[in-house]
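Working notes, structure below.
The values are calculated or read from the model by the stated rules, or taken from the named source; none is laboratory data. Source: prediction; values computed, not measured. Cβ placement follows ideal geometry from the backbone for every residue including glycine, while neighbour counts extend to all protein chains displayed. With ligands, DNA and RNA removed, areas are computed over all heavy atoms of the protein, side chains included. Shrake-Rupley method; radii C 1.70, N 1.55, O 1.52, S 1.80 Å.
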Amino acid sequence: MFDVAGIVVALAVLLVIYRVIKGPRICDRVLAVNAIGTKTVVLLALIGFMYERPQFLDIALVYALINFIATIAFLKYREMGRLD
Amino acid sequence: MALDLILLIIIVICAFAAVQMRDLLSAALVLGACSLIMAVIWTRLNAVDVAFTEASVGAGITTVLMIAALSRTRRGEEGGEERDMGWVHDGAANKRFIFRHIAMLIVVLVTMGVLIYGTMDMPDFGDPDAPAHTHVARRYIEKSREETGVKNFVTAVLVSYRGYDTLGETTVIFTAGIAVVLLLRKQRR
């Protein structure tokens, strides 16, 4: 069951990739990459249960924490035109 | 298996998209997505530490550094528009254009052939008789727990058996970090 769920989530990532590539504006791309990060967290949790090592959940949590660093950097660049 | 296949296809799509994109900021974002998927593949291969490094360095810091570099330079690609218009109404220029493209195609095909030929005699994925699994791997699997006290083999190899190697890598990364800070800090006027 976890295998099927993993495949479904991976297919969902494929759908989001379409928005990353097509996305008419840069904001669409940022949101799509953020969504991919969220799906990555779900995939990691699923892989943890697939391998019967639920401690992967902690790793998934840390991924969720570092997921939005790039988004914050992008927003700062967008608003101020520079990062420092 | 199907999951790995989908993830690898996504990586290939991301790589093509990053090369094709004219907007460098979008390309940096696509590379970040590529790194996240790569981290999932590392986790599938049970190399959690590598996956962690990939996610924090590849998806986190690299994207930030690319955006920082873009904020210091320009966002577009130089001469992006003219590059596509190779076909003009001039016989000699057209010949040069065709010749250049055919030459590039030959170079790419030859390189691809050499690379594929190089992978022909590699052992199958997960083959127990592969050279990588017949020498020290057995000792790592059997003894690493008692010799180093680390539960994960990959971690044990990285931080204990190859500790000096990792120390050298850390030195390189530290030096690179200092260089980046020097380049990115505010210029005094």
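Report the paramagnetic label zone for A:Lys22: residues of segment A:32-57 whose backbone N is under 17 Å from a point 7 Å from Cα along the Cα-to-Cβ axis.
Answer for this model: A:32-33, A:35-36.
Please state the Cα pair-distance histogram of the protein assembly as shown with 5 angstrom bins from zero: what percent is in each bin?
Values per bin, smallest distances first: 1, 5, 9, 12, 14, 14, 14, 12, 9, 5, 3, 1, 1, 0, 0.
Looking only at GluC sites (Glu not before Pro) in DSSP loops with at most 16 other Cβ atoms within 10 Å, what is the longest site-free stretch of chain B? All intermediate terms of the calculation are to be shown ahead of the outcome.
Working: sites that count: B:Glu77, B:Glu78.
For GluC sites (Glu not before Pro) (loop position, at most 16 other Cβ atoms within 10 Å), the longest site-free span of chain B is B:79-189.
Using the Kyte-Doolittle scale, find the helices of chain B whose mean hydropathy is at least 1.6 and whose Cα atoms extend 18 Å or more along the helix's long axis, counting only whole DSSP H runs.
Details: long enough: B:2-20 (27 Å, 2.72); B:24-44 (30 Å, 1.90); B:91-120 (43 Å, 1.31); B:163-184 (31 Å, 1.40).
Going by DSSP H runs, the hits are B:2-20, B:24-44.
Would you kindly state the longest site-free stretch of chain B, with sites defined as chymotrypsin sites (Phe, Trp or Tyr not before Pro) in a DSSP loop (not H, G, I, E, B) surrounded by at most 10 other Cβ atoms within 10 Å? Provide the component values of the computation, followed by the final result.
Details: sites that count: B:Trp87, B:Phe125.
The longest uninterrupted stretch comes out as B:1-86.
Filter the DSSP H helices in chain A by two things, a Kyte-Doolittle mean of at least -1.0 and an axial alpha-carbon span of 18 angstrom or more, and list the hits by number. Before the final figure, lay out each step's value.
Details: long enough: A:2-22 (30 Å, 2.13); A:26-50 (35 Å, 1.62).
Going by DSSP H runs, the hits are A:2-22, A:26-50.
Run lengths n ≥ 4 of DSSP H only: what is the helix-derived mean residue ellipticity at 222 nm for the protein assembly as shown, with -39500 (n - 2.57) per run over all residues, to the nearest 500? Please report the intermediate quantities before stating the final value.
Working: 14 runs with 203 residues, N = 273.
The per-residue figure over the protein assembly as shown is -24000 deg cm²/dmol.
Express in Å², to the nearest 10, the accessible area of B:Met122 obtained by rolling a 1.4 Å probe over the protein heavy atoms while all chains stay in place.
That residue has around 120 Å² of solvent-accessible surface.
Considering only DSSP states other than H, G, I, E and B, which trypsin sites (Lys or Arg not before Pro) in segment A:37-84 qualify as loop sites with at most 15 other Cβ atoms within 10 Å?
Numbers: sites: A:Lys39, A:Lys76, A:Arg78, A:Arg82; in loops: A:Arg82.
Answer by residue number: A:Arg82.
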